[in-house]
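Novice: Please see the structure below; I have some questions.
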Amino acid sequence: MGIVQRQGLRNTLISYAGLAIGFVNTTVVLPRLLTTTQVGFTGILVSLATIGAQLVAFGFPSMAMRYFPYFRGQGRGHSGFLALLLGLPMLGFVVAAALFWLGKPLVLHWYAKDAALLDAHYFVAVGMAGCILLYSLQDAFLKALYHTAFSSFVQEVLLRVLIVAAAAAYGAGWLSFSEFILAYFGAYATMALLLTVYLAAIGELHIWPTRAVLRVRPLREMLGYGGFALLNSISGTILLTIDNLMVGAKLSLAAAGIYLIATNISTALTMPFRALNKTAFPLIAEYWKEGALDKLSSFYRRTTRLNTLVGCYLALGIGLNLDFIYGLINRPAYATASVAVLLLLLGRLIDGIAGVNGIIVVTSPRYRYDLAFNFLLALGTIVLNWLLIPRLGLLGAAVAYCLALTAINAARTWFVWRAYGLQPFDSRVPRVLAVAIVAAAAVMWLPTLPNLWLNLLWRGGVLTVVYGAGVLLTRTAPELEAVWAKLRK
């Protein structure tokens, strides 16, 4: 357990450092140095590569986590497990890359308005998909070996620093845009290569195939699990990427760039939810194992209340200070997506307030229902984007995202209530929402100061005082009341 705790602490520190670097990178640095079209193009490249890599991986990263314990320590190099893990997806990648290359005319047709830019760098998407695939497979193997800190550092920190450095070099005129794209690709290639070097350094780079790997567990069983894992996870990738891809295809790469920055701004709201989910998953699994529905019910309500409390404060802090954020970017074109940011924040807030219903479903005896929910989420997101983007533009993509998250969380919450009698809401949740409305109204009535930083401190300070006082007066946060009592003493 010692190594798990050490790796977990390092991962937490690395994740928060990476999130800070990523937020500054994607919301301040890149929009300042690149045009909206160039920002949109880099986002499209990463989205295409990510979806392609996940499809080709066929759920093998999840399969590695599930089945490696059967192979650990058996025979030479864990019976050749790494060779199996890498071999089949990389072979599939060769076939997929050929198909992707043959499908180039179709992809260029989708992005006809900016086909010249995509045509000039089309091969980068293929190469980037290969790098993301190789990284994800090696990362899964390292997680199975309980070596997670280095891969987290490479992805969360180093990759973002390399991209910032490439953007700075382009902004200084040291690189052309084509060279910047090559450097962007090089950052992903470096990420995959470093994991290979790390595996060799710890003596775990066993890439020679053996027949013994087929005798430990049936290949058909592992492939079946991988397919289920793929179907179960692809909706998350679609939710994160499909709106930007469809904005680029139906509007323009410039519109995709503006929407990408709006998405990145709203992503800051998810930080506390992600941190909570990492803790919630093993706890909820343990409650199911013990059959402790009373403990699960209490945890469900407590996490929903905390998510509402923290989520409303952060959503207001971001939404009420969009002038400050867009002022840092100092590109008026990006500020046209302000309403889209508010809708994205609303969707993410609803996703957080709904609590941990997705984790409850996937760890429950009826976990296969989660596959149906994920499929409906992916399908609904695609259909809504298809219908709304041509009519509402960027706003249509944000509306589609918000509606999809609201619908799927309502369905999951209803399912958990009907199947197990668990629901996450108590009387404190409406009180928190009422306090949030009052705090928002108070800040909106404030006069705007001429200085961006003073205005941020002014509005943020009033929001904190009004929101904090409201929470204490309505007694919606026992944890905060204990802290306040100590401070008063």
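Novice: Return the only residue of Glu204, Glu221 being assigned to a loop (DSSP other than H, G, I, E, B) and more than 22 Å from the chain's Cα centre (by Cα).
Specialist: One residue alone meets the criteria, Glu204.
Novice: Also, I was wondering about something else. Does region 236-252 hold any residues that are in contact with a helix residue (DSSP H, G or I) (Cβ under 7 Å, 6 or more places away or on another chain), outside any loop (DSSP other than H, G, I, E, B) and small (Gly, Ala, Ser), and which are they?
Specialist: Result: Gly248, Ala249.
Novice: Something else: Could you pull out the residue among Ala192, Ala285 that is assigned to a helix (DSSP H, G or I), over 29 Å from Tyr326 (Cβ atoms) and not assigned by TED's automatic domain parsing to the domain that holds Val24?
Specialist: Ala285
Novice: Scanning region 424-442 for residues that are within 20 Å of Val356 (Cβ to Cβ) and among the hydrophobic types (A, V, I, L, M, F, W, C), which turns out surrounded by the fewest Cβ atoms within 10 Å (Cβ to Cβ)?
Specialist: For region 424-442, the residue satisfying everything is Leu433.
Novice: Kindly indicate the residue of region 58-74 that is in a helix (DSSP H, G or I) and in contact with a Gly (Cβ under 8 Å, 6 or more places away or on another chain) and also farthest from Tyr170 (Cα to Cα) among those meeting that condition.
Specialist: So the residue we want is Met63.
Novice: Taking Thr241 as the residue in question, decide whether it is in the same structural domain as Val383 (by TED's automatic domain parsing) and either basic (Lys, Arg) or buried (at least 16 other Cβ atoms within 10 Å of the Cβ) (or both).
Specialist: no
Novice: Would you be able to say whether some residue in region 204-211 is buried (at least 18 other Cβ atoms within 10 Å of the Cβ) and either closer than 23 Å to Gly40 by Cβ or among the basic types (Lys, Arg) (or both)?
Specialist: Checked against the condition, which is being buried (at least 18 other Cβ atoms within 10 Å of the Cβ) and either closer than 23 Å to Gly40 by Cβ or among the basic types (Lys, Arg) (or both), region 204-211 yields no hits at all.
Novice: Against the definition (part of a helix (DSSP H, G or I) and at pLDDT 90 or above), how does Tyr184 come out, yes or no?
Specialist: yes
Novice: So is Ile318 in a helix (DSSP H, G or I) and within 19 Å of Pro272 (Cα to Cα) or not? Quick ask: steps written out before the conclusion?
Specialist: Numbers: in a helix (DSSP H, G or I): yes; within 19 Å of Pro272 (Cα to Cα): yes.
For Ile318, the condition - in a helix (DSSP H, G or I) and within 19 Å of Pro272 (Cα to Cα) - is met.
Novice: Surrounded by fewer than 16 Cβ atoms within 10 Å (Cβ to Cβ) and either over 22 Å from Ser266 (Cβ atoms) or touching a Phe, Trp or Tyr at 6+ places or on another chain (Cβ under 8 Å) (or both): which single residue out of Tyr367, Tyr420, Tyr334 fits that description?
Specialist: Tyr367
The values are calculated or read from the model by the stated rules, or taken from the named source; none is laboratory data. Model, not experiment: these values are computed from the prediction. A quick note on method: Cβ atoms are made from the backbone with ideal geometry, for glycine too, and the neighbour counts reach across all protein chains shown.
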